[in-house]
Every structure is written in structure tokens, then in C-alpha cells.
């Protein structure tokens with residue numbers, strides 16, 4: 001991507017550190033830090049960044065341990081952070097200096113969640129704080145005091161796909177169901193009560209799309225296009241992004257729907273966890289979709 005041009009259009013775009021730096025100097029953006037642990041934020045963050053942990057967006061509901069929370073539950077969080085739906089906000093994460101276990105998904109999880117709840121101008125920092133630091137850009141330990149806002153939270157229902165619709169369309173010829181989990185989980189390992197994947201799901205691990213040395217940094221677009229073609233992902237198809245709990249799928253949903261502008265992309269928020277909660281739903285183990 002060009003240093004000063006966002007990748008994509010619509011409510012979520014991918015931006016470079018140079019793009020962010022220029023707007024920080026202008027004071028025209030808000031910054032959200034979602035590093036893995038608050039101690040990471042305490043030790044270092046981008047100037048004027050507020051801390052919003054990704055875990056705030058989900059909770060146990062009914063028989064599901066990781067549902068996105070109701071609008072009335074997230075509204076106080078967004079208001080306290082000083083966020084407004086029309087004011088540009090940059091979201092970033094990193095490996096984390098306190099424990100070093102961050103894997104890069106926090107920024108797509110938070111960016112998706114903000115757009116899901118009605119934010120209309122979200123920017124994801126390509127490479128996160130780790131690339132920002134590698135480029136010698138400024139860091140801070142100051143904690144800003146944002147002015148409280150009145151974020152009018154409303155859920156974007158057109159992003160997600162529910163269980164019944166997934167069952168109805170997933171095996172149609174023009175539909176590709178992507179499972180973003182690592183191969184071992186897709187093939188049959190992991191914590192679920194039944195192993196494997198949803199019948200027909202194609203495995204495209206989200207980490208394959210990212211730089212191996214920085215999983216907040218997208219690979220070159222030519223490499224990504226090759227990986228998508230390899231999995232049969234094309235613009236003339238309906239693409240459904242799934243994973244284990246919906247978190248990994250946010251990476252591929254943002255990439256396809258917003259950065260690359262594919263016309264028909266949905267996210268299966270309930271993911272494999274929701275699928276196996278119904279004993280009647282079959283699963284498949286091994287490398288093949290079926």
C-alpha cells in the first residue's frame with residue numbers, strides 16, 4: 001500500500017504509520033490502543049491513545065461463551081473512550097512488551113466491532129505498534145482524558161450471517177465458506193466438544209495473509225491475491241468468513257469486504273463454537289472440506 005493512501009473504502013480502511021503520523025500532527029484523528037494487556041499500554045502507546053481491551057465487546061449469552069454484547073452494554077465503553085461515529089479513529093495492537101503473547105488479531109477484532117456498532121470511519125494501523133516502533137516514531141506514557149460522548153450505538157445486521165442462513169447457503173455453488181483457524185484446529189485438534197470443521201469449509205488460516213515477523217502487518221497484495229485464488233475466493237462469489245469464535249474471521253472479513261472491496265462478504269460470528277453447540281450439526285476432520 002502507498003504510504004499516504006488508505007487501502008479500501010467504507011467504514012474500515014487499512015492505513016500506514018506515515019498516514020497516521022501526518023494526522024496525529026494535525027490532531028484530526030482519535031487513537032485506540034488494544035494491545036493484549038493494559039500493562040503494555042501503560043509502558044508504551046501512540047500519543048493520545050486511549051486503551052480499549054477487545055474483551056469488552058463480548059460476553060457469555062445463553063449457551064454461547066463469546067457473543068458480541070448488546071448495544072446498551074457497549075455504549076458506556078465507547079462514550080467513556082470519547083469515540084464518535086463520524087470522527088476518524090485509528091486502531092492498533094502489538095505483540096505486547098509485558099508478556100509478549102499478542103498475535104495481531106486484537107486490531108481487526110476491535111475495528112470490526114466498532115464498525116459493527118455503527119462507527120463509520122475506522123482505520124487499522126498496518127503493522128501495529130511494532131512497526132510504528134521499528135520506524136522510530138514517537139511513543140507516550142501519558143494517559144489522555146477524553147471528553148465523554150454520546151455514541152448512538154446501533155448494530156449493523158448486514159455484516160453477520162446467522163446459523164439458519166448459513167445452513168441454507170453454505171453448500172451452494174456460488175458460496176465459499178472460509179475457516180480462518182490454524183490447520184491443526186481445522187483438521188481436528190482444539191478445545192471443542194467435537195473436533196474438525198463445518199462440512200464444506202475451506203481452510204485459509206488468517207496468519208498466512210500476514211507478515212510472518214509481524215502478524216499485524218498485511219502481506220503484499222500480490223501474495224494475498226494468489227492465496228485467495230488458491231482457495232477459490234473470487235469477486236463473483238458470496239464469501240462467508242468463519243473460524244472458532246468469530247475473532248479470527250474478523251481479519252479476513254475486513255480484508256475482503258473493506259480493504260479489497262469484494263461485493264458480497266459476510267461474517268459468521270458464532271463460528272465453529274456455535275456450530276458444535278447443536279449435536280445435530282455434523283463435523284468433518286482432516287485436510288479436506290468434506
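Scanning segment 202-220 for residues that are within 21 Å of residue 91 (Cα to Cα) and outside any loop (DSSP other than H, G, I, E, B) gives 206, 207, 209, 210, 211, 214, 215, 216, 217, 218.
If you go through segment 76-95 and pick out every residue that is within 16 Å of residue 37 (Cβ to Cβ) and surrounded by fewer than 21 Cβ atoms within 10 Å (Cβ to Cβ), you end up with 1. Residue count for segment 124-155 under the criterion of being more than 22 Å from residue 93 (Cβ to Cβ) and touching a residue at least 40 places away in the same chain (Cβ under 8 Å): the result is 8.
Being in the same structural domain as residue 49 (by TED's automatic domain parsing), touching a helix residue (DSSP H, G or I) at 6+ places or on another chain (Cβ under 6 Å) and at pLDDT below 95, is that true of even one residue in segment 98-110? Yes, some residue in segment 98-110 is in the same structural domain as residue 49 (by TED's automatic domain parsing), touching a helix residue (DSSP H, G or I) at 6+ places or on another chain (Cβ under 6 Å) and at pLDDT below 95. When the residues of segment 145-166 are filtered to those that are assigned to a helix (DSSP H, G or I) and surrounded by 14 or more Cβ atoms within 10 Å (Cβ to Cβ), the one that is modelled with the lowest pLDDT is 163.
Would you please name the residue that is nearest to residue 72 (Cα to Cα), looking only at residues in segment 21-38 that are in contact (Cβ under 8 Å) with a residue 60 or more places away in the chain and more than 19 Å from the chain's Cα centre (by Cα)?
29
For segment 177-192, filtered to residues that are free of Cβ contacts under 8 Å to residues at least 12 places away in the same chain and either part of a loop (DSSP other than H, G, I, E, B) or surrounded by 13 or more Cβ atoms within 10 Å (Cβ to Cβ) (or both), the residue that is farthest from the chain's Cα centre (by Cα) is 189. Filtering 232, 174, 246, 261 for residues that are surrounded by 14 or more Cβ atoms within 10 Å (Cβ to Cβ) and not assigned by TED's automatic domain parsing to the domain that holds residue 93 leaves a single hit, 246.
If a residue must be in a strand (DSSP E or B) and in contact with a helix residue (DSSP H, G or I) (Cβ under 8 Å, 6 or more places away or on another chain), how many such residues does segment 22-64 contain? Of the residues in segment 22-64, 8 are in a strand (DSSP E or B) and in contact with a helix residue (DSSP H, G or I) (Cβ under 8 Å, 6 or more places away or on another chain). If the condition is being under 24 Å from residue 14 (Cα atoms), in a helix (DSSP H, G or I) and without any contact (Cβ under 8 Å) to a residue 60 or more places away in the chain, then segment 65-91 contributes only 77. What are the residues in segment 96-123 that are closer than 15 Å to residue 215 by Cα, in contact (Cβ under 8 Å) with a residue 40 or more places away in the chain and surrounded by fewer than 19 Cβ atoms within 10 Å (Cβ to Cβ), if any? Correct list: 101, 103. Just one of the listed residues (199, 195, 138) is in a loop (DSSP other than H, G, I, E, B), out of contact with any helix residue (DSSP H, G or I) (no Cβ under 9 Å at 6 or more places or on another chain) and either in the same structural domain as residue 73 (by TED's automatic domain parsing) or at pLDDT 95 or above (or both), and it is 199.
The values are calculated or read from the model by the stated rules, or taken from the named source; none is laboratory data. If you're wondering where the values come from, they're calculated on a predicted model, not measured in any experiment. Here the Cβ is made from the backbone with ideal geometry for all residues, glycine too, and neighbour counts use every protein chain on show.
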